[in-house]
Amino acid sequence: MYRELVLKLSQGIPYVTPQPPCPEESIAAAEQAAGVPFPQPLRDLLAEMNGDRWLLLSAQEIAENVRLNREALLPFFEEEYGAQGREIYWERVGRFLFFASNGCGDYYCYRFSPDAVPEDTLYLWEHESIGESCCWKPVARTLEELITRYYHNEI
């Protein structure tokens, strides 16, 4: 379903290259690295194609993104905000699972509750606004809607 949707909507964009399906073990390893279970639609997408080298990240890229954010941004927040730094980091960065990128440093993501339950809404996380209390905005209700809106230049 997702592979066909991406191929249909990305016609004429030579850089979009859906990758082979991601093995279940790799999805589980990425979930472990992220510290949260992936929402089922994301698991389904990865099982169909492990990223597309354009919009959608692979399971390995998702895990690497989590690691880099924790290594680079968590210390920044701790230094910038002192005792509240870790809490602010988790609210602005850590509660998000970035699974797609617009290529400009912004990410499409799921947001998790403090109990590690994903919200149904999908967000655009804007890196330029990381210093503000809210650097994300809702953009879609489903993964299919997000992909469609992206390729129709609606987000």
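Packing-based ranking of 13-19, 46-52, 104-110 yields 46-52, 104-110, 13-19, ordered from highest to lowest mean Cβ neighbour count within 10 Å. For the chain, the solvent-accessible area works out to 52 Å² per residue, with a probe of 1.4 Å and every protein chain left in place. Counting only protein heavy atoms and a probe of 1.4 Å, the accessible surface of the chain is 52% carbon and sulfur.
The values are calculated or read from the model by the stated rules, or taken from the named source; none is laboratory data. This one's a predicted model, so the numbers in the text were calculated from it and none came from an experiment. Counting neighbours? That spans all protein chains shown, and the Cβs are built from the backbone with ideal geometry, glycine included. Accessible surface is based on the protein model in full, side chains and every heavy atom, while ligands, DNA and RNA are left aside. Shrake-Rupley method; radii C 1.70, N 1.55, O 1.52, S 1.80 Å.
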